[in-house]
Amino acid sequence: MNKTGPVKVAMIGLGWWGKKMTAVLQKAKDDIEIVCAAEPNSAGKEFAEANGFKHYGSETEALRHPGVEAIIIATPHSLHAEQIKRAVAARKHIFCEKPLALTRQEAEVAVDACAKNKLVLGTGHERRWEPPVAQMLAMARSGQLGRIQQVEGNFSHDKFTALDPSNWRLNESEAPVGGMTATGIHLTDLATALLGRARDLRVSCESLSSKIPQGDTMSVHIRFSGGGTAYVSASLAMPFISRFAVYGSRGWIDIRDKAHVEAPAGWVVTSAMAGGPITVMEVPPAEPVKDNLVAFARAARGEASYPITGEDLVNNITTILEATVKSAARDGAVVKL
């Protein structure tokens, strides 16, 4: 018998983003409910109690909490693979913050294990749920934009420049290649959703404006197997900007966020179709982080398929991330995929 009601989840990690997801899920209680959390930091207990759920010191304890059906992983990147493995063994659906893993092999193992055990695997690529981005993807897939030729994107901010040097987000092994794992990977996700499997890439990563160990300014140029290119850039030491543009033979769309997704303020969309004028449209705020988690919960309930496929995660996103690290280590050499 299929279960009904909100999916009961354990939040694994109560750092910056775990707290953000906890906040947005207050508006999604019909679909998903946090019943416990795991956070080794002592501040996690106070936060959990303030939000009305049980606190544990480890995810192993949280997995055993009565009624837990799924976990949300918001932990340092290097922990994801093992945490997913343990959740699969416990037969829990899994929502994992991006990146799913740091290597293609780890991603393949996670995707295959979830598929074999009929578990939903969601990931934190909430940009696909931003209303103008969702519309852009639909227009591209329907052929309205014609042949997609190029995509461009920049997603930068300076939120990390004030972090304590010991913070894991400033650890080169946890978050390699400048802003790639923090922001750039969102843009490569959209690029691969539009253009498919990558053929090769090259990277530039420099330290220009900070002492961030993994560099603060990166860009990657990607060529795709079916033709077309993507140019993605990200800085960890620049005032906020988030822009994504797609160019097709019949039209183009440029989407700019007014604020970081942490506190959405809406979008400005500039576009043109063949033979028509350039138009500028304001799109009101939405909460894509919540909408992504709701989509995950509804997939866990069997109400709809989760739209980011295992193929997306393995063949596209993680493959590009792994190759980006290799190219940066080789001083920007072209890496074939």
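Out of all the residues in region 34-48, which are of a type in the set (A, V, I, L, M), open to solvent by less than 30 Å² (accessible area, probe 1.4 Å) and at pLDDT below 95? Scanning region 34-48 gives a single hit, Ala48.
Scanning region 57-75 for residues that are at pLDDT below 95 and outside any helix (DSSP H, G or I) yields Gly57, Ser58. For region 301-337, residues that are part of a helix (DSSP H, G or I), under 19 Å from the mean Cα position of the chain (by Cα) and surrounded by 17 or more Cβ atoms within 10 Å (Cβ to Cβ) total 15. Scanning region 93-114 for residues that are more than 14 Å from Ala300 (Cβ to Cβ), more than 11 Å from the chain's Cα centre (by Cα) and surrounded by fewer than 24 Cβ atoms within 10 Å (Cβ to Cβ) gives Leu102, Thr103, Arg104, Gln105, Glu106, Glu108, Val109, Val111, Asp112, Ala113. I'm checking my understanding of the structure. Among residues of region 5-33 that are open to solvent by 10 Å² or more (accessible area, probe 1.4 Å) and without any contact (Cβ under 8 Å) to a residue 40 or more places away in the chain, which one is farthest from Asn51 (Cα to Cα)? The qualifying residue farthest from Asn51 (Cα to Cα) is Gly5. Find all pairs meeting these conditions: Cβ atoms under 6 angstrom apart; at least six residues apart or on different chains; first residue within region 162-181 and closer than 17 Å to Glu97 by Cβ; second residue hydroxyl-bearing (Ser, Thr, Tyr). Taking only residues 6 or more apart or on different chains, the pairs are Glu174/Ser78; Ala175/Thr181; Met180/Thr324.
The listed residues are Leu119, Leu137, and the only one of them that is surrounded by fewer than 23 Cβ atoms within 10 Å (Cβ to Cβ) and assigned to a loop (DSSP other than H, G, I, E, B) turns out to be Leu119. When region 180-202 is filtered for residues that are within 20 Å of the chain's Cα centre (by Cα), more than 21 Å from Ile255 (Cβ to Cβ) and open to solvent by 10 Å² or more (accessible area, probe 1.4 Å), only Arg197 remains.
Of the strands (runs of 3 or more DSSP E) lying entirely inside region 146-248, those carrying at least 1 residues that are within 24 Å of Ala263 (Cβ to Cβ) and at pLDDT 95 or above are 148-156, 229-235, 241-248.
Condition check ((1) within 30 Å of Ala70 (Cα to Cα); (2) surrounded by fewer than 19 Cβ atoms within 10 Å (Cβ to Cβ); (3) without any contact (Cβ under 8 Å) to a residue 24 or more places away in the chain) across all residues:
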{"site": "Glu262", "(1), (2), (3)": "yes, yes, no"}
{"site": "Ala274", "(1), (2), (3)": "no, yes, no"}
{"site": "Thr279", "(1), (2), (3)": "no, yes, yes"}
{"site": "Val283", "(1), (2), (3)": "no, yes, no"}
{"site": "Lys290", "(1), (2), (3)": "yes, no, no"}
{"site": "Leu293", "(1), (2), (3)": "yes, no, no"}
{"site": "Phe296", "(1), (2), (3)": "yes, no, no"}
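The values are calculated or read from the model by the stated rules, or taken from the named source; none is laboratory data. Because the structure is predicted, anything quoted here is derived from the model rather than measured. Virtual Cβ from ideal backbone geometry, glycine too; neighbours counted across all protein chains shown. Please note that ligands, DNA and RNA were not included when accessible areas were found on the heavy atoms of the full protein model with its side chains. Shrake-Rupley method; radii C 1.70, N 1.55, O 1.52, S 1.80 Å.
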